[in-house]
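Student: My questions will all concern the structure given below.
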Amino acid sequence: MNKKILVTQSSMPPYEEYVEEIKDLWETKWLTNHGAKHNLLEKKLCEYLKCPNVSLFVNGHMALYTAINFFKMKGEVITTPFTFASTTHAIVQNGLTPVFCDIKPSDYTIDEEKIEELITPNTCAIVAVHVYGNPCNVERIEEIAKKHNLKVIYDAAHAFGVKYKEHSILNYGDISMLSFHATKVYNTIEGGACIYKNPAWHQKFYELKDFGITDTEAMEVPGMNGKMNEFQAAMGLCNLKHIDEEISKRKKVYERYLDNLKDVKGLKIPVLRNDVEYNYSYFPILILDEYPYTRDETVAILNKENIYPRKYFYPLTSDYACYKENYDINSTPIAKKISEKVMTLPLYANLSLEDVDRICNILKNNS
Ligand SMILES: *Cc1c(COP(=O)(O)O)cnc(C)c1O
C-alpha cells in the first residue's frame, strides 16, 4: 500500500529553532497575557503583511467573532454559505441573522452583483470570504457598503500574504480576520488575528480578548478570553522565518497540478489572475458531469489509493442541521452546485512532485 497522503500537512520549523525560541520562557515564567513574544509577533506580522495594525488571537474563530462583535451591530448580515462553519457561526453567535448570497462560478467568492437585492432596512454588514485565497471583488463591495452604510468584514482565513494589485488584500474592508490554524499556510499551532487601519482600535481589541478588563478593577464590556499564548507566538516567530520558502514550495506543487490536469476532460481547475499574488493555499477542482465519475465516487477512488482530498466546502453552511430549517439552499444555486462537485486536492509545502504526479495519474486514468 502506498503511504497515506492527507489533504494537508502542517508547516513546522526545525525542532532546534523552536526549542531555542521557547528557552527563555523558563526564565521569565511569562506564558500568556500579551507577553514579549506575542508583542514581537504582532510587530513582525505588521511588517511582513504590510498592514498597519495586527491584533493576535488564540484562534481564527475568536478573531472573527470579535471582529463582528466590535461594531455592536443588530440585524442582518449578508454573507456566503460556501465557507467553513466558523464564518456563519461567528455571525449567529453575535446575535445577528445571516442572509446568504450566491457565489461566482469563476472563483467561488461572493457574487457582488447579487448583494444589493438582499439589502433590507435591517442589513448592517457584509461578511465576505476570500475563499481559497481568491480575493473578493473588494472595490465593488466597498462601493455597495458606502452607499448603504454597511460595515465590511473579511474572513481572510485563507488569504495570508495574498496581494491584490500589489497591495495586501488584508487592507480592504473595516476589519480582516486571519487564521493561523495548524492546517493553514502560516500557523501558530492555533491562532488568528484581526487587521484594521485605526491604531486607536488596538486597545479596544485588547480589552475584548481579555474579559473586557480595562484596569485591574474595571470591566467595561463582557469580553471573551481570546489571547494568544507565548508558545503559540514562539511557533509563529519561527514559522515566519520560513514562510516565503514554504509558499514557493507550495507554488511548485500547485503548478505541477495545473500542468498535469489542464487537459483532463470533465475537471475544472483553478484559473489564476495576473493582478493577484497568491499563497497557493488550496487546489480546488470541480468534478463536472462530463467526467465518468461523480465527485463522491472520485473521492472514493482516491481514498482506495490512500489519498485523502477534502470535500471543502460541502455541505453549504446554510444546509447544516442547526441552520437548514431557516434557509433554502436552492436560493444560492451556484453555491449548491459547486459544493456538490468540489474537492480540494492534497497540497502542502513538502508534498513531493512524484506524489502529485501519482494523484494526477489516478485522476487521468479514470477520465
Ligand atoms: C480555518 C477557518 C476559520 C477559523 O479559523 P480557526 O483558526 O480554525 O479558528 C474561519 N474561516 C475559514 C474560511 C477558515 O477556513
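Student: Looking at the structure I just gave you, is Cys124 under 16 Å from the mean Cα position of the chain (by Cα) and either at pLDDT 95 or above or charged (D, E, K, R) (or both)?
Tutor: When the stated conditions are applied, Cys124 does not pass them.
Student: Which of the residues that make up segment 140-172 are open to solvent by 20 Å² or more (accessible area, probe 1.4 Å) and farther than 16 Å from Cys46 by Cβ?
Tutor: If the condition is that a residue be open to solvent by 20 Å² or more (accessible area, probe 1.4 Å) and farther than 16 Å from Cys46 by Cβ, then Arg140, Glu142, Glu143, Lys146, Lys147, His148, Asn149, Lys151, Lys165, Glu166, Tyr172 are the ones that fit.
Student: Looking only at segment 125-139, filter to residues that are part of a helix (DSSP H, G or I) and within 11 Å of the ligand (Cβ to nearest atom); which one of those is surrounded by the most Cβ atoms within 10 Å (Cβ to Cβ)?
Tutor: Val131
Student: Out of everything in segment 235-251 that is open to solvent by 20 Å² or more (accessible area, probe 1.4 Å) and aliphatic (A, V, I, L, M), what residue ends up being farthest from Tyr15 (Cα to Cα)?
Tutor: Looking at the filtered set, the residue picked out is Ile247.
Student: Right, here's the next one. Can Lys43 be described as under 30 Å from Thr214 (Cβ atoms) and free of Cβ contacts under 8 Å to residues at least 40 places away in the same chain?
Tutor: yes
Student: Taking segment 76-85 as the search range and keeping residues that are surrounded by fewer than 24 Cβ atoms within 10 Å (Cβ to Cβ) and within 12 Å of the ligand (Cβ to nearest atom), which one is farthest from Ala157 (Cα to Cα)?
Tutor: Ala85
Student: For the structure I just gave you, tell me whether Glu277 is open to solvent by less than 10 Å² (accessible area, probe 1.4 Å), touching a residue at least 40 places away in the same chain (Cβ under 8 Å) and among the acidic types (Asp, Glu).
Tutor: The answer is no for Glu277.
Student: Would you confirm whether any residue within segment 54-62 is surrounded by 21 or more Cβ atoms within 10 Å (Cβ to Cβ) and under 30 Å from Ile334 (Cβ atoms)?
Tutor: Yes, there is a match, as at least one residue in segment 54-62 is surrounded by 21 or more Cβ atoms within 10 Å (Cβ to Cβ) and under 30 Å from Ile334 (Cβ atoms).
Student: Return the pair list, or none, for Cβ contacts closer than 9 Å from residues in segment 309-336 that are in a helix (DSSP H, G or I) to residues that are open to solvent by 60 Å² or more (accessible area, probe 1.4 Å) and among the hydrophobic types (A, V, I, L, M, F, W, C), at least 6 apart or on different chains.
Tutor: Hits for this filter: Thr317/Phe84.
Student: I need the full set of residues from segment 93-104 which are more than 12 Å from Thr332 (Cβ to Cβ) and more than 14 Å from the ligand (Cβ to nearest atom), in order please.
Tutor: Asn94, Gly95, Leu96, Thr97
Student: Note down all Cβ pairs under 8 Å where the first residue falls in segment 228-240 and is closer than 10 Å to Leu56 by Cα, the second is among the hydrophobic types (A, V, I, L, M, F, W, C) and open to solvent by less than 10 Å² (accessible area, probe 1.4 Å), and they're at least six residues apart or on different chains.
Tutor: What qualifies is Met228/Leu41; Met228/Leu56; Met228/Phe57; Ala233/Leu41; Ala233/Leu56.
Student: Let me ask something else. With (1) within 16 Å of the ligand (Cβ to nearest atom); (2) part of a strand (DSSP E or B) as the list, and Ala159 as the residue in question, which single condition is left unmet?
Tutor: Result: Ala159 fails condition (2) only.
Student: If you take the residues in segment 113-124 that are in a loop (DSSP other than H, G, I, E, B) and of a type outside the set (Ser, Thr, Tyr), which one is nearest to the ligand (Cβ to nearest atom)?
Tutor: Ranking the candidates gives Ile115 first.
Student: Would you confirm whether any residue within segment 214-223 is away from the ligand (no atom under 13 Å from the Cβ), surrounded by 16 or more Cβ atoms within 10 Å (Cβ to Cβ) and within 21 Å of Glu20 (Cα to Cα)?
Tutor: Checked against the condition, which is being away from the ligand (no atom under 13 Å from the Cβ), surrounded by 16 or more Cβ atoms within 10 Å (Cβ to Cβ) and within 21 Å of Glu20 (Cα to Cα), segment 214-223 yields no hits at all.
Student: List the number of the failed condition for Lys44; all other conditions in (1) in contact with a Phe, Trp or Tyr (Cβ under 7 Å, 6 or more places away or on another chain); (2) open to solvent by 30 Å² or more (accessible area, probe 1.4 Å) hold.
Tutor: Result: Lys44 fails condition (1) only.
Student: Moving on. What pairs can you find where one residue is in segment 253-271 and farther than 16 Å from Tyr282 by Cα, the other is open to solvent by 40 Å² or more (accessible area, probe 1.4 Å) and assigned to a helix (DSSP H, G or I), and their Cβ atoms are less than 6 Å apart, with a gap of 6+ or different chains?
Tutor: Val264/Lys364
Student: Same structure, new question: Name the residues in segment 170-213 that are in a strand (DSSP E or B) and within 15 Å of the ligand (Cβ to nearest atom), would you?
Tutor: Within segment 170-213, Ile175, Ser176, Met177, Leu178, Ser179, Gly192, Ala193, Cys194, Ile195 qualify.
Student: Further, regarding this structure: In the list Leu345, Leu286, Leu272, which residue meets the criterion of being under 28 Å from Ile247 (Cβ atoms), aliphatic (A, V, I, L, M) and open to solvent by 50 Å² or more (accessible area, probe 1.4 Å)?
Tutor: Of Leu345, Leu286, Leu272, the one residue that is under 28 Å from Ile247 (Cβ atoms), aliphatic (A, V, I, L, M) and open to solvent by 50 Å² or more (accessible area, probe 1.4 Å) is Leu272.
The values are calculated or read from the model by the stated rules, or taken from the named source; none is laboratory data. The shown structure was predicted, so the numbers you read here are calculated from the model rather than taken from an experiment. For neighbour counting, all protein chains shown are included, and Cβ atoms are generated from backbone atoms with ideal geometry for every residue, glycine included. The accessibility values were calculated without ligands, DNA or RNA, using every heavy atom of the protein model including side chains. Shrake-Rupley method; radii C 1.70, N 1.55, O 1.52, S 1.80 Å.
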